[in-house]
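Reviewing the structure listed below.
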Amino acid sequence: MFLRLIVVAAIALIAWASLVRPSEGAGPERAYVVKTGDTLWSIAEAHYSGDPRAGVLTLQRRNRLEGAIIRPGERIVLP
């Protein structure tokens, strides 16, 4: 009886694992080309809701920026 329960649980686990797919809930990352006059703050305000400080920090971390300096023509990723 116990062995049958383990076999059924193992089959159920294997079936569940084969049907699970990764979540795309956040959506794909987008590239953004920095324009003259853009700042991390203005980009964060335009592309993220809420407090722009959180958006600036997200942009810095995702693009491995040491500071807040960005240059026109530079491509950054908007996570």
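The values are calculated or read from the model by the stated rules, or taken from the named source; none is laboratory data. This is a predicted model, so every value here is computed, not measured. Note that each Cβ is placed from the backbone with ideal geometry, even for glycine, and that neighbours are counted across all protein chains shown.
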Query raised in the report: Tell me, which residue of segment 1-44 that is aromatic (F, W, Y) and surrounded by fewer than 10 Cβ atoms within 10 Å (Cβ to Cβ) is modelled with the highest pLDDT?
Result: F2
**Report entry** Members of segment 58-74 that are surrounded by fewer than 14 Cβ atoms within 10 Å (Cβ to Cβ) and closer than 19 Å to G27 by Cα
**Finding:** R61, R62
